[in-house]
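What follows is a set of notes on a single structure, which appears directly below.
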Amino acid sequence: MDNRGGFKSKFGLIAAVGGSVVGLGNIWRFPYLAGENGGAAFIFVYIVICFLITVPLMISEFVIGRSAKTDVVNAFRRLTGGRRWEIVGYVAIISSFVMVSFYSVIGGWSLDFIKEAVLGNFTGKSSSEINIWFDSFVNSGTMPVIWSVSFIVLSCIIVIGGIEKGIEKFSKMMMPLIIFILFGLFIYSISMKGFGDAISFLFKPDFSKITPKVVLLALGQSFFSLSIGMGTMITYGSYIKDKVNLGKLSSTIAITDTSVAILSGLAIFPAVFTMGISPTSGPDLVFITLPSIFAQMPFGYFVSIIFFILLFVAAVTSSISLIEVLVTYLRDEFELKRSSAVIITCCTVSVVSSFITLSLVQDSAFTIGGMSLFDIADKATGVFLLPFGGMLAALFIGWYYGRDKFADHITNNYTVKLKESIINILYFIIKFVAPIVIGLLFISLL
Ligand code: TRP
């Protein structure tokens, strides 16, 4: 298909890829993981892994996508001329499907939280009151389902517009808004009593806190945060122009993503320390701890509205990238119209997402072996599917695609200046380091 469209401007491309990487991973997952795992020590390991392993993997995914110029499944067929590697594409399709179904549950919560914040329902509430309210909200079943389906429908409406007029245009408006809001929250938090404590927590590493588990979590988080391992960057890569410098793009994106993650830590932790709360509240940090802090602090009413709008916007710009993986597949593989592909995706994702949402209701039938579908989707993606997908992409470039083609492609046939030594290091990481590190991770899990 030649009329696939693509990213038009440089800023649009950075905004769209940036929109994909900046999401719940930065604002919800990163702060609570850092909080639970020693703050600065976790952040240190995270940054090292991000630039050492995850960025080369991002480049690999872009190379696969851009050189094949088609969806994740056909990309492997086209590049190999056979069907042996297409399994990697199918893994990406399944992963993206599970991920977006799970992601939209939380995206749906953010919508409800905007509503509660606007109605002032958090004002004056203690954290245990908010906890009870949150439990009953999740347990009610119907409301969370309505919110997560709304979240999916909203995302699909953007995707229907296509790459340039939908995803790129929307991200160009939303990325600046995300950064602007985060900066505003950060400036506000400087005035808080707990700011100093937050700074030491986030930036003074206690290296004795670095354990294998911390490394593992940091690796998983860097994949999650940089949208690696589910074919998102393969799909987006297929819409990137040949003249774009993929190495530069990937580094810019990684720097942006890490800055946003740290900025959201800086926006969240001063409030946590000011209120004398432990930073280790886990996944509840953003949905229970923060609202209860907002409830007590000056201007909390406005801050809570702004914060949940931020969470929602960041989540949508990411979910559209996951949906696009599925839509591009349906279009390129079955030659469907974009609108039909989006409608099929929207309906199937909504159904699965509803089951996942309902699995959180007490005594829900949607459990497997005592685990809710929500927990299964969370663990399956974070712990298994992301690293697995990332490893397969690395193995493909390292052991099938080969150094020469890789070098040709990232230098755009030697029109982009890149030292041979850098190419060698990158290729070495992709061929050996990344698969081995991820392999060790799996072994340590067993
Ligand atoms: N990176 C996004 C976040 O931080 C989530 C995301 C979007 C993602 N697409 C992905 C994660 C693909 C893994 C793979 O919230």
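Only a single item in (1) more than 25 Å from Glu164 (Cα to Cα); (2) out of contact with any strand residue (DSSP E or B) (no Cβ under 9 Å at 6 or more places or on another chain) is not met by Leu326, and it is number (1).
Just to check your reading of the model, which residue among Phe207, Phe224, Phe203, Phe183 is open to solvent by less than 40 Å² (accessible area, probe 1.4 Å) and in contact (Cβ under 8 Å) with a residue 40 or more places away in the chain? Full working, then the answer.
On the way: Phe207 fails: open to solvent by less than 40 Å² (accessible area, probe 1.4 Å); Phe203 fails: open to solvent by less than 40 Å² (accessible area, probe 1.4 Å); Phe183 fails: open to solvent by less than 40 Å² (accessible area, probe 1.4 Å).
Checking each option against the conditions leaves just Phe224.
In the set (1) crowded, with 16+ Cβ neighbours inside 10 Å; (2) of a type outside the set (A, V, I, L, M, F, W, C); (3) within 19 Å of the chain's Cα centre (by Cα), the condition left unmet by Lys169 is number (3).
Scanning region 229-238 turns up no residue that is away from the ligand (no atom under 13 Å from the Cβ), among the aliphatic types (A, V, I, L, M), surrounded by 20 or more Cβ atoms within 10 Å (Cβ to Cβ) and at pLDDT 95 or above.
Evaluate the following for Ser339: is it in a helix (DSSP H, G or I), modelled with pLDDT of 95 or more and either more than 16 Å from the ligand (Cβ to nearest atom) or open to solvent by less than 10 Å² (accessible area, probe 1.4 Å) (or both)? It is true that Ser339 is in a helix (DSSP H, G or I), modelled with pLDDT of 95 or more and either more than 16 Å from the ligand (Cβ to nearest atom) or open to solvent by less than 10 Å² (accessible area, probe 1.4 Å) (or both).
Where helices (runs of 4 or more DSSP H) fall entirely within region 30-104, those with at least 3 residues that are farther than 24 Å from Lys248 by Cα and within 16 Å of the ligand (Cβ to nearest atom) are at 30-36. So which residues in region 422-431 are open to solvent by less than 60 Å² (accessible area, probe 1.4 Å) and out of contact with any Pro (no Cβ under 9 Å at 6 or more places or on another chain)? Across region 422-431, the qualifying residues are Ile423, Lys431. Among the criteria (1) closer than 30 Å to Thr70 by Cβ; (2) outside any helix (DSSP H, G or I), the one Glu324 does not fulfil is (2). Of all the criteria given as (1) among the small types (Gly, Ala, Ser); (2) within 22 Å of Glu168 (Cα to Cα); (3) open to solvent by less than 10 Å² (accessible area, probe 1.4 Å), the one not satisfied by Gly35 is (2).
The values are calculated or read from the model by the stated rules, or taken from the named source; none is laboratory data. It should be emphasised that the depicted structure is a prediction, and the values quoted were computed from it without experimental measurement. Glycine also receives a Cβ, built like all others from the backbone with ideal geometry; neighbour counts cover every protein chain displayed. Quick note on the areas: whole protein, heavy atoms, side chains included, nothing else; ligands and nucleic acids left out. Shrake-Rupley method; radii C 1.70, N 1.55, O 1.52, S 1.80 Å.
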